[in-house]
Amino acid sequence: QRLDVDRAAQVLTEARATDELIRELQAAADEGLAVITSTPFTRTDAPSVRSVAALIEPLDRALRSTRVLVRRVSIAAYHGAQVPPEYVTVLHELAEGVELIGRMWAENRSAERAQPVLEQVARSTATLAHGEYHTTVLLGQLRSLIVDLLELAGLEHEEAVEAIPPLASSG
């Protein structure tokens, strides 16, 4: 149990380090946008710069949601809460979706291929057991993060929210 608490605290510390990375990315995007708007020449890379700049806000939201989820896991571990194994399975599935987004971006491609994976994770959350304080909080944050990730994968906010099915009754 203690190792779980320590590991959760370590992951939370690492997650909090993303703030500086987002600030650096925002500064780089601002600089890129300034260059393409102030140059008298036609820039063929202007759409790419605008696409990257448009991702910063939803990426920041997704990172913040991830930090909140990690903090909630850390608190649940500290309190020795029993989190059903299905939650771990869903978190692994979510990680696969995040990795797919990363691979697509590394290949300079749209992350739209991650939408079906993330939508499946959203459907999986609808049947997770909830009702205990820690599982209810974890579930709510997990579903919020999925919305943020669906936006990163190319959905508009309303479409991402609609992809999250209603919760089944918890028993």
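Gain on full extension, evaluated as 0.36 nm per residue between Tyr78 and Thr127 minus their Cα-Cα distance, stands at 15.1 nm. Net charge of the neighbourhood of Val73, taken over other residues with C-beta under 10 Å away and scored Lys/Arg +1, Asp/Glu -1, is +2.
All of the numbers you see were taken from the coordinates with simple rules; none came from a lab. In this text the structure is predicted, and so the values were computed from the model without any measurement. No Cβ is skipped: glycine too gets one built from the backbone with ideal geometry, and neighbour counts run over all protein chains shown.
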